[in-house]
Amino acid sequence: MNKQARKRYSLIGNVLYFWRLFWQNEPSVVVLSAVEILLAAAVPFVGIWLPKLTIDLVMSNVPVSKMLCAMLAFSAGMFFLYGVYHAVSRGKYHIYNMQRTNFMAGLFLKSLRIKYADAESGEIKQKYWKAMRAFDSGDWSASSKVVSDTVQLVINLLCFLLYSTVLGTLSIPLAAALTGVSFLGYLIQMYEIRFEEGLHDEMARHDKHYYYLSSAMGDTSAAKDIRIFGMDKWLRKLLNQTLEEKCTLQRRIQNRKTVCEQMTFFLSVIRDLAVYGYLISQVLQEAIAVSDFVLYFGAVTGFSGFVSSMMEGFAGLREASGTISEYRSYMELAEQDENTGSRHISELTNPLEIEFHNVSFSYQEKPLFEHFNLTIHAGEKLAVVGVNGAGKTTLVKLLCGLYEPDEGEIRIGGIDIRCFPKSELYQLFSIVFQEPFILPVTIGENLSMQKAGKLDEQKAWEALERAGLKQVFEEKQIDMDSFMKKTLMENGVELSGGQQQRFLLARALYKEAPVMILDEPTAALDPIAESEVYECYRNSCKDKTALFISHRLASTRFSDRIVMLEQGKMVEAGTHEELMQKGGAYAQMYQVQSNYYAEREDYCIDGNESNE
């Protein structure tokens, strides 16, 4: 990973990389850009010949009717070229901007193909958000700027060469001198660009602070805390301080840019005065015709503009290149092959036995499990308890193949899980996590986690009934096509905490996997709701091997056996009665929680506390 982080990408390499992406995904962007370049270069070049043609026609005593016909034909051609150019430019603009969505989707899909442990790390998460910056800034996104700035750079370079040929017919030394002055202007602009690039990290830090504060102040979920604790003035002060720091930095950049612009303007004035003086002297000496004077005058005027535009395009590409490098770095991370394995889950017989055999695992180079052994018997309901940080959730991730053990084996049905393709291994588990993952799509899509057309509606209603939600949904006239959450639909279904957990249970039941895992799903519920949810879980897991993870002990009385973890070690194991008789760590924790629940119950009765 460090080698990957140190990899460098060139500006040209980054630009070509994105153009290849467009060619692979939307080749019309490349074709339309090529047409736009040709038309955009032709229109101004042909345009500078119009005044010369007009003067030549007037001076040659051509009949007015023929002169008007010639002028109309020339103007019509110019109008046609410009119309086609405008249509091509606008069409290309909409296509490559829509393509940004596909690139963002590709980035997200990439995050699912790398190892889960890598995707979960802080370093890789930071890489992901840096890579996302290539697409999430509208027209200023790197993907958009690569197209627009490359096209403009090539257009202006082509025009620069075309105009140079015109000036070369007048005087090759003059064209060379103008090119030299333009190069000096380029050096001035590069000086300004490098100065701004040197401040990018500092500006990024201020931007990060500003966006965090502005988003926090606009987060409605934080409104209660902000009001109750009177944080509004403090947050405003922090925001103003961050804005002032941003403005100070921007003033430094703007001041440097102003100085460079004044130097460039001074150069252009000197250049233009010298060239115009030369042209006037050539006319007075009758070395060139008046019509040629107009042609060369237009060429010199456009010449300076093209050089300036080339520098702007180059600067834009350099700015986009840094973000493209972050995107390429992320997209080149090693992927995990989920379809490779020598064994198949079709070999297994339900219910399944699970065995952790001498498993060692380190989390961020800190040992957690060392030669850990545990057997979950076929059809057993096992509760794994312990305080936060004991290793309970890590145990689940190891079992599901999301983490790889440093040593030892995890066996299902006597087969090392590393022998199964990941895509098959995931089919063995129905998991309810602590954080409810509910999408703003239909009820049916949330249950099946597939498109609506693939839903087995009868099976879905049976899962809801087993989870204790069918009657609630029918009473509220909620069907499989009802949308969940109010994120996208105003009439979206919002569930209470307990109902969410029942819904997640219904999703797990719909999957019909042979192993049910409950990873602290009731941590946010009150004791009564927690007890009801676990009762529902127990009734739904009768024919499955089940693993209950919790730091609260409501799940233990529904379990066949209890394992207590402390810092990755199994310190106690047995039934509830056995562990209570032993009087160890489990019994102490159970007693503390039981007293707490009893005190809460007394308070609710004597103190008349609301149950809402």
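Each value in this text was obtained by applying a stated rule to the coordinates, not by laboratory testing. On a predicted model such as this, the values are computed, not experimentally measured, just so you know. Glycine gets a Cβ as well: all are built from the backbone with ideal geometry, and neighbour counts include every protein chain shown.
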State the answer as a single residue: which of Phe293, Ala223, Val259 lies farthest towards the positive end of the charge dipole of the range 11-331, with beta carbon charges of +1 for Lys and Arg and -1 for Asp and Glu, about the Cα centre.
Ala223
Computed lengthening from Thr393 to Lys542, 0.36 nm per intervening residue step minus Cα-Cα distance
51.3 nm
Over the Cα atoms of the range 344-459, what is the Rg over Rh ratio if Rh follows Kirkwood?
1.02
Starting from the exponent 0.38 and prefactor 2.2 Å, build the expected Rg for the range 257-297 from its residue count and divide its actual Cα Rg by it.
1.52
When the gyration tensor of the range 439-494 is built from Cα positions, what are the square roots of 5 times its three eigenvalues, in whole Å, from largest to smallest?
17, 15, 8
Using the beta-carbon distance between Phe108 and Val31 and R0 = 22 Å, what value does 1/(1 + (r/R0)^6) give for FRET efficiency, to the nearest 0.05?
0.20
Quick check on my link table: of Lys397/Lys422; Lys127/Lys485; Lys115/Lys397; Lys454/Lys511; Lys125/Lys224; Lys366/Lys397, which ones sit more than 19 Å apart, alpha carbon to alpha carbon?
Lys127/Lys485; Lys125/Lys224
How big is the dipole moment of the chain about its Cα centre under a simple scheme where the beta carbon of each Lys and Arg is +1, that of each Asp and Glu is -1, and everything else is neutral? Debye, nearest 20, please.
2160
As a check on your grasp of the helix formula, calculate [θ] at 222 nm for the chain: sum -39500 (n - 2.57) over DSSP H runs of n ≥ 4, divide by the residue count, round to the nearest 500.
-21000 deg cm²/dmol
To the nearest 0.05, how large is the calculated FRET efficiency for Gln126 and Leu72 if R₀ is 41 Å and r is the Cβ-Cβ distance?
0.10
Considering every Cα-Cα pair within the range 11-331, what fraction, in whole percent, is farther apart than 35 Å?
41
Report the full-extension gain for the segment Phe80 to Leu38: residue separation times 0.36 nm, less the Cα-Cα distance, to one decimal in nm.
13.7 nm
Extension gain from Ile12 to Gln250, taking 0.36 nm per residue of separation minus the Cα-Cα distance
82.9 nm
The chain, convex hull of Cα, quarter of hull surface, nm² -> 39.8
